[in-house]
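To start, the structure under review is shown below, and the notes come after it.
Just so it is clear, none of the values below were taken in a lab; they were calculated from the coordinates. Remember, predicted model here, so these are calculated numbers, not experimental data. Methodologically, a virtual Cβ is constructed for each residue, glycine included, from the backbone with ideal geometry; neighbour enumeration extends over all protein chains shown.
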C-alpha cells in the first residue's frame with residue numbers, strides 16, 4: 001500500500017469572522033477539512049484581521065464571531081489535536097510579513113487582481129475602497145507563506161490569489177537569491193458552491209437564504225419547506241425539472257445513496273413524484289447531518305473558556321511558526337537584525 | 001521662571017536609512033534634535049521599513065545604512081541616555097498598527113495625499129508604485145501614534161502626513177468611543193531647507209551636491225571651493241549678488257555672528273569683496289562644525305558593537321511602548337484578545 005500523497009503537505013485554510021458558518025460552508029470546505037486533518041498538517045486561520053478590511057466600522061462584530069466560527073469548526077468535527085486553530089490578528093509576524101510583502105507588489109497589480117476587482121464591485125466600494133481591502137492579497141500571501149503552506153483549498157474565484165502569492169514568493173526568493181519561501185498550489189473543491197434556499201446565487205447569510213450550522217430542527221424543517229423546486233411543477237402528476245431544483249442539488253450534496261437519488265430524479269422528471277416526498281427525504285438527511293453538529297456546538301458553546309483555551313494554544317503554536325518564517329525572510333533579505341549580543345549577524 | 005513649554009511633549013522623528021546623512025540634515029533637523037533631547041521626551045526612528053517601500057530591490061543597502069544613520073546621530077550629539085534611538089522594522093507592533101490603520105483610510109485618500117503624490121511623481125513610479133509606498137502614510141501614522149507622539153518635526157511638504165495621521169486617529173477614537181490615541185501637532189522648522197552646493201534644489205546625496213557629515217577636511221575644502229556664488233561676480237571689484245549665493249546662505253545657517261555676516265553681505269553687494277574671502281570664512285565655520293562630528297563618528301564607527309548595543313537597548317524600550325499602544329488600541333476597538341487564562345476580556 002502506497003503512502004497518502006498528502007502526507008507531507010501543509011494546508012492553510014480559514015474563514016473571515018463576520019458571522020457563524022452555514023451549510024454552504026460545510027459542503028464547500030468544512031467537510032473536506034475534517035477529512036484533511038487526518039491526512040496532512042492543517043492550519044485553520046480565524047481571519048479577523050482580514051474581516052476588518054471591510055468591517056472597520058464594526059470591529060466588535062468581527063471579534064464576537066471569532067468564537068462563533070471556532071464553535072462551528074469544533075461542531076463539525078475539527079479536532080484541535082489534529083488541526084491548529086489560530087486567530088489571525090493575534091499573530092504579529094503575519095502583519096510584519098504583510099508590510100514587507102506590500103513592497104514587492106504594485107498598486108496596479110493589486111487593482112488588476114480579478115478576485116479583488118470582483119469583490120470591490122460586489123461591495124460597491126468604487127473609489128472608497130479601504131486601503132486594507134486593496135492590500136489583502138498581500139496579507140493572504142503572508143498567511144499562506146507564514147505557515148509555509150503547500151496546499152491552499154480555494155474556490156475557482158480565488159485562484160488569482162494563489163498566483164499573486166506565488167508572484168511575491170518568486171520575487172522575494174529572487175532578491176534573496178535563495179528559496180526562502182515555498183510556492184503553494186491550489187486545492188480546488190471537487191464540488192461547486194451550494195446554492196441558497198431560493199436558488200438565487202450561492203448560500204449566504206446576508207442573503208437570508210442559508211441554513212446555519214446551529215439551526216434547530218424546526219429551522220431546518222422550515223428551510224426545507226421554503227426551498228425552491230420547480231415553479232412549473234404544480235401538480236404531483238406533472239413532469240418536473242431537476243436542473244436548478246434546489247432540493248435535488250442538496251440531495252446530490254448530502255444524500256449518500258446516489259442510485260436512489262438517480263431513481264428519484266427520473267421519477268420526478270416523468271411526473272408523479274411530489275415535492276413533499278423529495279423534501280421529506282432531504283429534511284431527513286439534513287436533520288441527521290446537522291443534529292450531531294448542533295449538539296456538539298451546544299456543548300462547546302456552554303464552555304467558552306475551553307474554546308478560548310483551544311484558540312490560545314493554537315495561536316501560540318502559530319505564533320512560533322510564523323515568527324520563525326518572518327525571521328527567515330528578514331535574514332534572507334539581509335534586513336537589520338538585533339540579536340542577543342546587540343551585533344547584527346547580517 | 002516658568003517651566004519649559006515642551007517639557008510634557010513627546011517628539012517622534014527619524015530618517016529613512018538609505019544613506020549617511022549630510023549637512024542639509026544637520027541644518028534642517030539634527031541640530032534641533034540635539035536641543036530637543038534636553039527639553040522633552042524624544043524618539044528617533046531609524047526608518048528602515050519605510051526605506052524599503054521604494055528600495056525593495058536592495059534591502060541590503062537599507063540594512064547597511066541603519067548603522068550609518070545611527071553613527072550620524074551619535075556623531076552630532078544625540079545622546080542615547082536622553083533620546084531613544086530605535087529600528088523601525090524590529091518593532092512588530094508598528095506593523096500591527098499599520099495593518100489596522102489601513103482599514104481606516106481609503107485608497108483614494110492615500111492617492112490624494114499631496115506629499116505622496118509629489119513623491120510618486122519624483123520617483124517616476126506612475127502606475128508601478130509599490131503598494132507599500134502608497135500605504136506609507138498609514139505606517140507613519142502608526143509610528144507617530146505608536147509612541148503617542150504629541151509633536152512631530154516636519155518640513156512644510158510633510159504637513160499633509162500630520163493631517164492624515166490625525167484623520168486616522170479621530171476615526172479610531174470615534175469608533176472606539178474613547179480617546180485611545182492622541183492627535184499630534186507639527187513642529188515646523190524655523191529655517192528652510194539648505195540648498196545644494198550647486199544652488200540647484202535642496203542638498204541631496206543622490207544629486208551629488210551634498211557635504212556628508214563624515215566629510216574629511218579636504219572634502220569640506222573642495223566642496224566650499226566648488227560652491228555656487230554669483231556667476232556675474234567676475235572681478236573682486238564688481239558688485240555681487242547675495243540672494244541665491246550659496247556661500248551666504250550657508251553663512252546664514254552656520255555662522256553665529258549675524259552682524260559680521262550682514263557687514264560682509266553689504267560689502268559684497270557694493271563690490272570689492274572676493275569669493276575667496278567669504279569661502280574661506282565659510283570653510284573655517286564648516287571645519288569647526290564638522291571636525292568634532294567627524295571625530296566622534298570615527299570613534300563610534302571603530303566600535304560598531306557598541307552602536308548596535310545602543311540600538312538594541314533603544315529598540316527594546318520602543319518595543320514595550322509600541323506593544324502597549326497596540327494593545328490599548330485593540331482593546332478599545334474590542335478586537336479579539338488572548339489573555340493568559342485563554343478567556344478574552346472583551
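Efficiency by 1/(1 + (r/R0)^6): what FRET value for residue B:241 and residue A:188, r their Cβ-Cβ distance, R0 = 60 Å, to the nearest 0.05? It would help to have the intermediate numbers written out before the result.
Values: r = 73 Å, r/R0 = 1.22.
So, using R0 = 60 Å, E works out to roughly 0.25.
Relative to the dominant Cα principal axis of chain B, helix B:59-76 is inclined by about 60°.
Helix B:275-301 axis versus longest C-alpha principal axis of chain B: approximately 40°, rounded to the nearest ten.
Averaging Cα coordinates gives a centre for the stretch B:267-324 and one for the stretch B:173-209; these two points are 19 Å apart.
A helix-only calculation puts chain A at -16000 deg cm²/dmol for mean residue ellipticity at 222 nm, using -39500 (n - 2.57) for each DSSP H run of at least four residues, averaged over all residues. Each label point was placed 7 Å from the Cα along the Cα-to-Cβ direction; for residue B:123 and residue A:313 their separation is 4.6 nm. Annotation for residue A:288, label-to-label distances across the other copies: 9.7 nm (shortest first, one decimal, point 7 Å from Cα along Cα→Cβ).
In whole percent, what relative contact order does chain B give with Cα contacts below 8 Å and a gap of six or more residues? It would help to have the intermediate numbers written out before the result.
On the way: 523 pairs, mean separation 72.5, N = 346.
So the answer I get is 21 percent.
Comparing A:256, A:59, A:92 in a Gaussian network model of chain A where C-alpha atoms under 10 Å apart are linked, the largest mean-square fluctuation is found at A:256. For the stretch A:180-229, the equivalent ellipsoid built from the Cα gyration tensor has semi-axes of 32, 13, 10 Å, listed from largest to smallest. Ranked for footprinting exposure by Cβ neighbours inside 10 Å, fewest first, B:165, B:98 give B:165, B:98. Anyone know which of B:291, B:232, B:208 comes out most mobile in the 10 Å Cα GNM of chain B? Among B:291, B:232, B:208, the largest GNM mean-square fluctuation belongs to B:232.
Between the stretch A:1-61 and the stretch B:10-52, how many Å separate their Cα centres? When both Cα centres are located, 45 Å separates them.
For residue A:202 and residue A:58, FRET efficiency with R0 = 22 Å and r from the beta-carbon atoms, rounded to 0.05?
Working: r = 23 Å, r/R0 = 1.04.
Working from the Cβ atoms, E equals 0.45.
With neighbours defined as other Cβ atoms within 10 Å of a residue's Cβ, the residues A:283, A:163 order from fewest to most as A:163, A:283. Measuring nothing but alpha carbons in the stretch A:132-175 and taking Rh as the Kirkwood radius, the Rg to Rh ratio lands at 0.96. Structure remark: mean-square fluctuation, Gaussian network model of chain B, C-alpha springs under 10 Å; the largest value among B:313, B:109, B:39 belongs to B:109.
Across the identical copies, the 7 Å label point of residue A:155, projected outward along Cα→Cβ, sits 4.9 nm from its counterparts, in ascending order. Could you tell me how many degrees, from 0 to 90 and to the nearest 10, lie between the Cα long axis of helix B:92-101 and the main elongation axis, the longest principal axis, of the Cα atoms of chain B? Long axis of B:92-101 versus the principal axis of chain B: about 80 degrees. Values of log10 I(q)/I(0) for the stretch A:214-300 across q = 0.25 Å⁻¹ run -1.23, by the Debye formula with one identical scatterer at each alpha carbon and no solvent.
Neighbour counts of C-beta atoms inside 10 Å place A:177, A:57 in the sequence A:177, A:57, starting with the fewest. Computed over chain A, the range of Cα coordinates on each principal axis works out to 83, 51, 43 Å, biggest value leading.
Can you give the extra length, in nm with one decimal, that the chain gains between residue B:170 and residue B:328 once fully stretched, where that is 0.36 nm per residue apart less the Cα-Cα distance? Present the calculation step by step, with values, prior to reporting the outcome.
Working: separation 158, 0.36 × 158 = 56.88 nm, distance 1.53 nm.
Net length gain for the segment: 55.4 nm.
If one computes P(r) from the Cα atoms of the protein assembly as shown, what percent of pairs lie at distances over 36 Å? I get 50 percent for the Cα pairs in the protein assembly as shown exceeding 36 Å.
Output the direction-averaged projected area (hull surface divided by four) of the convex hull of the alpha-carbon atoms of the stretch A:256-346, in nm². Don't skip to the answer; put the middle values down first.
Values: hull surface 49.6 nm².
Approximately 12.4 nm², given one-decimal rounding.
Shown here is the pair-distance distribution of the stretch A:141-240: with all Cα-Cα distances grouped in 5 Å bins from zero up to the longest one, the shares run 2, 11, 14, 13, 11, 11, 10, 8, 7, 5, 4, 3, 1, 1, 0 percent. Remark: label point of residue B:5 defined 7 Å out from Cα along the Cα-Cβ vector; separations to the same position in other copies 7.4 nm, ascending. Cα centroids of the stretch A:131-159 and the stretch A:69-90: how far apart, whole angstrom? That distance is 19 Å.
Here each label is just a point 7 Å from Cα along the line to Cβ, and for residue A:81 and residue A:303 those points are 1.4 nm apart.
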